[in-house]
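Everything below concerns the one structure shown next.
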Amino acid sequence: MSTNHRRFLLLSAAASAVLAVLCIVAVDGRLAVALSSLSPGDKGPFNSFVRLCEVVFAFRISPYLYGVLIVAAGLLTKLSPAARRFSRPLLFVGLTHLTARLLVGILKPPFSRLRPFEALAAGDWHDQWFAPIGNSFPSGHAVHFWSLFFPLAVLFPQYRLAMFVLPVLVSIARVAVNDHYLGDVLTSCAVAALLTLWFGAVMLKRRTAGEPS
């Protein structure tokens with residue numbers, strides 16, 4: 001993995017983490033209250049977009065399915081000399097994505113942050129962590145797409161801007177309907193960037209000829 005890729009991932013992780021802290025401290029509550037004024041009709045397009053993404057990425061089957069399939073493809077390509085050069089990039093993407101999804105799932109119960117609409121249910125917003133039913137922090141939907149974006153952005157930097165659109169739109173949609181705070185999706189972005197940096201350092205440091213950089 002090149003120095004430019006490492007710098008991109010470090011800056012992405014650092015910026016997302018700093019912004020996440022600032023949002024948790026000073027922005028999340030105000031934004032949640034402001035968004036609570038949106039009508040169900042206003043939220044409809046955001047919900048429809050997220051549902052479409054869930055269908056395309058097989059959430060109803062399992063949010064881990066894509067990661068498992070990409071890792072399986074990476075292992076299978078090792079068996080064919082003609083396809084072996086694709087094995088390491090596939091494993092890089094698949095393991096980053098699968099690990100990010102699993103890690104966020106592990107982090108949700110200890111933090112147990114109430115979702116914005118739950119925190120607003122009583123009428124007056126109050127940020128509640130360590131609640132019996134909280135599972136807002138970090139965002140599983142956001143990390144799903146950020147953990148695909150970052151490794152693919154490393155492998156195909158020429159398409160980075162185009163690939164950036166989907167995780168941003170999903171993150172905006174989750175915040176807009178008060179299913180997540182801005183701090184939740186930014187934390188997921190930071191987690192995905194850090195895991196991409198780690199897996200890239202481990203798996204792409206000994207590239208063979210013909211593998212993407």
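A residue that is free of Cβ contacts under 8 Å to residues at least 60 places away in the same chain, in a loop (DSSP other than H, G, I, E, B) and farther than 27 Å from TRP198 by Cα cannot be found anywhere in region 148-158.
So for region 122-134 (the condition being outside any loop (DSSP other than H, G, I, E, B) and of a type in the set (D, E, K, R)), does at least one residue qualify?
Let us first name the residues in region 122-134 that are outside any loop (DSSP other than H, G, I, E, B), namely none.
So far as region 122-134 goes, no, none of its residues is outside any loop (DSSP other than H, G, I, E, B) and of a type in the set (D, E, K, R).
Considering region 38-55, the residues that are surrounded by 12 or more Cβ atoms within 10 Å (Cβ to Cβ) and among the aliphatic types (A, V, I, L, M) include one that is nearest to LEU166 (Cα to Cα), namely VAL50. If you filter region 105-121 down to residues that are assigned to a helix (DSSP H, G or I) and among the hydrophobic types (A, V, I, L, M, F, W, C), you find that the one that is surrounded by the most Cβ atoms within 10 Å (Cβ to Cβ) is ALA119.
Quick one: in region 1-14, which of the residues that are under 17 Å from the mean Cα position of the chain (by Cα) and of a type outside the set (S, T, N, Q) is surrounded by the most Cβ atoms within 10 Å (Cβ to Cβ)?
First pass over region 1-14, keeping only residues under 17 Å from the mean Cα position of the chain (by Cα): 8-14.
Narrowing further to those that are of a type outside the set (S, T, N, Q): 8-11, 13-14.
Values: PHE8: 20, LEU9: 24, LEU10: 13, LEU11: 11, ALA13: 20, ALA14: 13.
Among residues in region 1-14 that are under 17 Å from the mean Cα position of the chain (by Cα) and of a type outside the set (S, T, N, Q), the one surrounded by the most Cβ atoms within 10 Å (Cβ to Cβ) is LEU9.
No other residue among LEU102, LEU91, LEU79, LEU52 is under 20 Å from VAL154 (Cα atoms) and of a type in the set (A, V, I, L, M, F, W, C) apart from LEU91.
Restricting LEU102, LEU161 to those that are part of a helix (DSSP H, G or I), more than 13 Å from the chain's Cα centre (by Cα) and not β-branched (Val, Ile, Thr) reduces the list to LEU161.
Counting residues that are under 30 Å from GLN128 (Cβ atoms) and free of Cβ contacts under 8 Å to residues at least 12 places away in the same chain, which helices (runs of 4 or more DSSP H) fully inside region 1-96 reach at least 2? Ranges flagged: 3-22, 28-35, 40-56. The single condition among (1) in a loop (DSSP other than H, G, I, E, B); (2) without any contact (Cβ under 8 Å) to a residue 24 or more places away in the chain that PRO138 does not meet is (2). Within region 107-118, does at least one residue satisfy the condition of being farther than 23 Å from PHE57 by Cβ and touching a Leu at 6+ places or on another chain (Cβ under 8 Å)? Yes. Residues in region 15-32: is at least one buried (at least 17 other Cβ atoms within 10 Å of the Cβ), β-branched (Val, Ile, Thr) and touching a Leu at 6+ places or on another chain (Cβ under 7 Å)? No - not one qualifying residue is present in region 15-32.
Only one of PRO151, PRO138 is within 30 Å of ALA82 (Cα to Cα) and buried (at least 24 other Cβ atoms within 10 Å of the Cβ); which? Reasoning before the result, please.
Values: PRO138 fails: within 30 Å of ALA82 (Cα to Cα).
Only one candidate qualifies: PRO151.
Each reported figure results from applying straightforward, stated rules to the coordinates on display, with no laboratory input. This is a predicted model, so every value here is computed, not measured. Neighbour counts run over all protein chains shown; Cβ positions are idealised from the backbone, glycine included.
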